[in-house]
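> Quick one: this structure, given as structure tokens, is what I'll be asking you about.
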Protein chains: 2
Amino acid sequence: MKVLLVFAHPEPRSLNGALRDVAIRELEAQGHEVRVSDLYADGWKSEVDRADFPVLAPDARFRPAAASGEAFVADALTEDVKAEQEKLLWADVLILQFPLWWFTMPAILKGWVDRVYAYGFAYGVGEHSDRRWGDRYGEGTLAGKRAMLIVTAGGWEEHYSARGINGPIDDLLFPINHGILYYPGYDVLPPFVAYRVDRLDDAGFEAVAEQLRERMRTLGSTPSIPYRRQNGGDYLIPSMQLRPGLGDPGATGLALHLNGAGAAGPGWVDEA
Amino acid sequence: MKVLLVFAHPEPRSLNGALRDVAIRELEAQGHEVRVSDLYADGWKSEVDRADFPVLAPDARFRPAAASGEAFVADALTEDVKAEQEKLLWADVLILQFPLWWFTMPAILKGWVDRVYAYGFAYGVGEHSDRRWGDRYGEGTLAGKRAMLIVTAGGWEEHYSARGINGPIDDLLFPINHGILYYPGYDVLPPFVAYRVDRLDDAGFEAVAEQLRERMRTLGSTPSIPYRRQNGGDYLIPSMQLRPGLGDPGATGLALHLNGAGAAGPGWVDEA
């Protein structure tokens, strides 16, 4: 397979850098082709602004979504953005690797999403009518491909557990897994999360590294998170609410959007 | 009161810009003192990197949290970061205003959090022992102050409802409200969320503006979201898991961390 790893840590000598190298070596040992977007090393620009849309008239009001759609159709996005889109189309698997900063991705990676996920490419795709609300959540430009997160956290795993104070890691990552990866079509694999990474000794590192190697060996076979497809019949149109009777009647929250046996709990989460 | 509004939209002529001006005018009419951090206009730097820590030796491995803590103690953070920290200490109320991009804040605002929330200032504060896990989640540097979000979304409110496909807005914003605002001590007010903002006509805008004015008039009296204090007895230490018996026994997910009557549902959310 072809794998794109988007890496968002400022220090190559970090634990993140070491885990990245572990992942790449294992993928290559398995015969996969790997490309890396190293956002800090590449000096990635984080902010969506007028400079992203050179065709926008200087006195025009800047509407980010409209400008993005117009530039995408006209093939007038900036070269850095187009290069990333080409990598996404090339890759069978996308991996986003980052340290968890304030319970989500670092700004530079959010800026990669904000800028690369153009209107017409990652959203605003497909028929919008009374029967379909576009190709998203399981359909779209990147459908048929797989994606997963590699995340490091300083905190304890217990603090991110079902009753942990930070909130369950699955819920914290839902805006990314469901909202950023599943949205444009990816099948999303359970995340690989390493906890208490500031306290790892050599043996601890090797244990985490081996768990990561196993995930890389099973990249093509690991079952994806069973999110519900938008246009598969589970949601009402146009309110896009889950049909009455689907999901545990007493359930609220994010687990509603999981289909089938996995929906009852966080059992699909990697316990690394 | 003193109010700091951090604004993260690239276009002053946007709906966000108009709502910002509505909020400022109402706050000033109520006699409050308002300062604005306009991140795009100020050319805010989004990425945490070595340049943030001039005292770091050039050949030293860059550990972001450690470098942040050392620079904070030595008063060696960069001037832009120190200026924002001073504004946070000055303000009685913090407002973060942004368009919802990919279910969270734009990169430039995440970069404001990543850089301004230094170790020793917003985290790593207070006693860490077998009795206390630091001053966080209701305690900390910014305790006693209030904070709220002003958010605009292109999508429908139904899509962000309890059973809506995007996930409930409260859950999507939990990493920000609980993880970024409550964490360093703020009392967090229900967010103000405006939906379908790309389709607003003049009457629609005026309705949203009036709802926002009302929120600005009640900034000092609106009850805050009843998150549970970390060190108030509800969580086990050191696992920081909610004590058995607290919360609905069948409940999972983020609503567990709400205390009292409001915990059963999203009734505390502003329905703007």
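The values are calculated or read from the model by the stated rules, or taken from the named source; none is laboratory data. Only a predicted model underlies this, so the values are computations on that prediction, with no experimental measurement involved. Note: ideal-geometry Cβ built from the backbone for every residue, glycine included; neighbour counts use all protein chains shown.
> How many of the residues making up region B:54-65 are under 24 Å from B:P175 (Cβ atoms) and either of a type in the set (V, I, T) or touching a residue at least 12 places away in the same chain (Cβ under 8 Å) (or both)?
The number of residues fulfilling the criteria is 2.
> Those residues that are within 13 Å of another protein chain (Cβ to nearest Cβ), small (G, A, S), touching a helix residue (DSSP H, G or I) at 6+ places or on another chain (Cβ under 8 Å) and more than 17 Å from B:Y40 (Cβ to Cβ), I need them from region A:34-72; list them, please.
Within region A:34-72, no residue meets the criteria.
> Test of understanding: among A:Y137, A:Y160, A:Y119, which residue is surrounded by fewer than 21 Cβ atoms within 10 Å (Cβ to Cβ) and among the hydroxyl-bearing types (S, T, Y)?
Result of the check over A:Y137, A:Y160, A:Y119: A:Y119.
> How many of the residues in region A:92-108 are within 14 Å of chain B (Cβ to nearest Cβ), part of a strand (DSSP E or B) and touching a residue at least 40 places away in the same chain (Cβ under 8 Å)?
Of the residues in that region, 4 qualify.
> With B:V48, B:V36, B:V3 as the choices, which residue is more than 20 Å from B:G111 (Cα to Cα) and of a type in the set (V, I, T)?
Answer to the check: B:V3.
> Has region A:19-33 got at least one residue that is within 14 Å of another protein chain (Cβ to nearest Cβ) and surrounded by fewer than 19 Cβ atoms within 10 Å (Cβ to Cβ)?
no
> Right, something else. Can you tell me which residue in region B:66-88 is surrounded by the most Cβ atoms within 10 Å (Cβ to Cβ), limited to those that are without any contact (Cβ under 8 Å) to a residue 24 or more places away in the chain and aliphatic (A, V, I, L, M)?
By that ranking, first place goes to B:A67.
> If you don't mind, another one. Taking A:L181 as the residue in question, decide whether it is at pLDDT below 95 and within 14 Å of chain B (Cβ to nearest Cβ).
No, not satisfied.
> Within region A:193-201, is there a residue that is crowded, with 20+ Cβ neighbours inside 10 Å, among the aromatic types (F, W, Y) and more than 16 Å from the chain's Cα centre (by Cα)?
Yes, region A:193-201 contains at least one residue that is crowded, with 20+ Cβ neighbours inside 10 Å, among the aromatic types (F, W, Y) and more than 16 Å from the chain's Cα centre (by Cα).
> Mind telling me which of the residues B:G126, B:G111, B:G167, B:G154 ends up being within 14 Å of chain A (Cβ to nearest Cβ), in a loop (DSSP other than H, G, I, E, B) and touching a Gly at 6+ places or on another chain (Cβ under 9 Å)?
That would be B:G167, the only listed residue that is within 14 Å of chain A (Cβ to nearest Cβ), in a loop (DSSP other than H, G, I, E, B) and touching a Gly at 6+ places or on another chain (Cβ under 9 Å).
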